[in-house]
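Contents: one structure, followed by commentary.
No value in this document is a laboratory result; all are computed from the given coordinates. Remember, it's a predicted structure, so these values are computed and weren't measured experimentally. Cβ placement follows ideal geometry from the backbone for every residue including glycine, while neighbour counts extend to all protein chains displayed.
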Amino acid sequence: MGLPLIELQDIRKSYGPAAGDSAEGAESPPPAMVLRGISLKLFAGEFVAIVGASGSGKSTLMHILGCLDRPSSGRYLFEGEDVAGFDADALAWLRREAFGFVFQGYHLVPTESARENVEIPALYAGMPEAERRVRATALLERLAMGARLDHRPHQLSGGQQQRVAIARALMNGGRIILADEPTGALDSQSGAEVMKLLNELADAGHTVILITHDRNVAAQARRVIEIRDGQIVADSGGARPAISACPAAPAASRRNASHAPQASLAADLHEAARAAWRVMWSNRFRTGLTLLGIVIGVASVIAMLAVGSGSQQQVMAQFETFGVRTMFVAAREGSVRTPGAPLTLADVETVRGLANVEAVAPYIEDRVVVRRGNVDHAAEGGGTTVGFAHVLGWGVSEGLMFDEADEQRVAKVAVIGQTVRRALFADGTDPIGQDVLIDKVPFQVVGVLAAKGTSDGEDQDDRVVVPFSAAAARLFGHQNPTWIGVQVRDMEQATETAEAIETELAARRRVRDVRVWNRVEAIRVQSATARAMTMMLGLIAAISLVVGGIGVMNVMLMTVRERTREVGIRMATGARQTDILRQFMTEAVLVTSVGGTVGVAVGLLIVAALMLADVPVVFSLLASIGAFGCAVLTGLVFGFMPARNAARLDPVVALASQ
């Protein structure tokens, strides 16, 4: 009769603890033996019924025949090749290419339409989408289901669901149809229609293996095998069918099943995303609650980093009033016992010669009265050198700053602040080139200082600045600087530089009577503190993402538990472990991606609202991208364990779940 399609040699199957599984000293219960040495040959094209009472082992035998389960001992030869050497992917390939299952409970994926259920085996076989749809439609129309292609399982009767299951079994060719109690849940008319279909398939050359407890149903097969207590007690035998069977795949390809053609990664991901979105939509309320954690986490990261960066920028802006790398040297006030000595230009040169000092600018100041026409305005009057703009980072917004030539010729030129301009030129006159009186001395306005605002409670724009030589000779009558502005090269050495200034001036003046306002160190500390605060806010917000990720993992674990049977269905139709892993990972990433997108939108709305409320914020595109990326990464990390658990499910156990 030639090589059997399937040959079982002394197949045994037992359930229960294996030897050594019980605790030391405890008596291990004997394993429950279900199959007791089944030997059987099945040929291509046969229509075989395996009949037996409940508990006889026929369903276990079907699971072994369909490569859903492995025997405890014995050999299973498929076209002469022992499937014991097949790994999980090879078994999945064999189920996909050789078998088609028709279950008593139909086992249709509830979220998929009739056509999509039929397409599942072809999806895992890598068949293009258009070809899948055409073939699935043709099969359903052949089974009188053409009008219900888009109906979900709950919209179909039992007989209609069984027809969908038969069409699914035929999707990849259905060389071997394994039908487990296909009429058990149907009325008599629907049952008769299903048996008629199975007979037609047998006549067309398909190998049909029917598992049933109904002898009347079994009698319609061409070979009847009776099983009782895990043993074959009767076999009607029957000659090998004269009709040609469905063509077999080359046996050699079975050894490389893991390398068999599969759907492209893009097609797999597209299908996984489609199925994932449908599952999410069917559980909208639960999905929404899961998304909430991710949304809050992403929005918190964006909003808190924006607030932290805004606060940091505001602090730095306040410090930048007189330059970021600038410190100030002033003489201490004297007392009755030790009268103070003013700073001198020699002190300026001493400071200029120190290491890490980039530039210096002496500044002499006092209150003055500035007049234009009949308008008098009291302001801060100052005299400085041309290094003023560089050292203090304070240039002009209009006109020019006085230069070295003006300093040498004691020129009567002045640069006024914004407040002075508003007071003296309220009529809109351009101040450049206009004359003003400073303490009754005429000066020509050559520039207007850039606005600085208020610092330490003082209006920094309420001042007029002239060359140091002119201030000393024409306004104040001395050359003693009130303070010296010092710009350092390296902010990290600001403290050492301040100490060096005090030490060198003490040595020259023979008394330690100067003080250094080390704003550079204060700025550095404040900047570091602001950065740390921003980082802390970001970390606090990131905790929300972690909490959201735990929620995703919890929901995914629940989803796997609820959809265990679906996993079994997909495995029975040829899904590999990687296919199941990809499916559930895609769902986890899709949840977090949607949550991340909504979170970014909410975060932007919060930042916009804070801007309208005049809260200092700095929006960061990088922070938004990072928050979204972290959300997606959260889905990958926290979705992996549930997805892996789903991929490692035993097909038989998964199918039996409720």
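Enter the Cα centre distance for the pair the range 68-133 and the range 199-214, rounded to the nearest angstrom. Here the answer is 17 Å between Cα centres.
Farthest toward the positive end of the dipole of the chain, out of Ala165, Val208, Phe425, is the Cα of Val208, where the dipole comes from beta carbon charges about the Cα centre.
Could you tally up the Lys pairs in the chain with alpha carbons closer than 24 Å? Skip any pair fewer than 8 positions apart unless they're on separate chains. Mind dumping the intermediate values first?
Details: Lys13/Lys41; Lys13/Lys58; Lys41/Lys58; Lys58/Lys196; Lys412/Lys440.
The number of close lysine pairs in the chain is 5.
Just rank Met536, Met280, Met171, fewest to most, by other beta-carbon atoms within 10 angstrom.
Sorted ascending by nearby Cβ count, the order is Met536, Met280, Met171.
For Gln434, nonlocal amide neighbours, meaning residues 5 or more places apart or on other chains whose placed amide H falls under 5 Å from its own, are Val445. 3J(HN,Hα) along the range 186-202: 10, 6, 4, 5, 5, x, 5, 5, 5, 5, 4, 4, 5, 5, 5, 5, 5 Hz, from the Karplus curve 6.51 cos²θ - 1.76 cosθ + 1.60 with θ = phi - 60°, whole Hz, x for Gly and Pro.
Stretched out fully, how many nm does the piece from Asp203 to Glu404 gain, at 0.36 nm a residue minus the Cα gap? Write out the running numbers ahead of the final one.
On the way: separation 201, 0.36 × 201 = 72.36 nm, distance 10.98 nm.
Gain on stretching Asp203 to Glu404: 61.4 nm.
Put in line by how crowded their Cβ is, counting other Cβ atoms within 10 Å and starting with the fewest, Trp277, Trp93, Trp394 read Trp277, Trp394, Trp93. Couplings 3J(HN,Hα) of the range 575-592, computed from phi: 5, 7, 4, 5, 5, 5, 4, 5, 4, 6, 5, 4, 4, 5, 5, 5, 4, 6 Hz, in residue order, whole Hz [Karplus 6.51 cos²θ - 1.76 cosθ + 1.60, θ = phi - 60°; x for Gly and Pro].
I'd like to compare 505-513, 425-433: which one has the highest average count of other Cβ atoms within 10 Å, and what's the full order after that?
Working: 505-513: 14.3, 425-433: 11.9.
Averaged packing, sorted descending, gives the order 505-513, 425-433.
In the chain, helical runs assigned H by DSSP with n ≥ 4 each contribute -39500 (n - 2.57); averaged across all residues and rounded to the nearest 500, the mean residue ellipticity at 222 nm is -15000 deg cm²/dmol. Peptide packing: for 137-143, 113-119, the average count of neighbouring Cβ atoms within 10 Å per residue gives the ranking 113-119, 137-143, highest mean first.
For the pair Met491 and Ala378 in one chain, pulling the backbone fully straight at 0.36 nm per residue adds 37.0 nm over the alpha carbon distance. Checking [x] 48.9; [y] 33.8; [z] 62.0 against mean projected area of the Cα convex hull in nm² calculated from these atoms, the matching label is [x]. Considering only alpha-carbon pairs that sit under 8 angstrom and 6 or more positions apart, the relative contact order computed for the range 333-512 is 32 percent. In terms of the mean number of neighbouring beta-carbon atoms within 10 Å, the peptides 185-194, 33-42, 55-64 order highest first as 55-64, 33-42, 185-194. For Ile211, the residues whose amide H sits under 5 Å from its own are Ile50, Ala179, Asp180, Glu181, ignoring neighbours fewer than 5 places away on the same chain, with H placed 1.01 Å from N.
Counting pairs of alpha carbon atoms under 8 Å apart in space and at least six apart in sequence, what relative contact order in percent does the chain give? With pairs under 8 Å counted, the relative contact order is 17 percent. The separation of the range 554-619 from the range 379-418, counted between C-alpha centres, amounts to 61 Å. Among Val360, Val602, sorting on how many other beta-carbon atoms sit within 10 Å of each Cβ, with the fewest leading, yields Val602, Val360.
Phi angles of the range 615-623 translate, via the Karplus equation with coefficients 6.51, -1.76, 1.60 and θ = phi - 60°, into HN-Hα couplings of 7, x, 9, 10, 6, 10, 4, 4, 5 Hz per residue; Gly and Pro are given as x.
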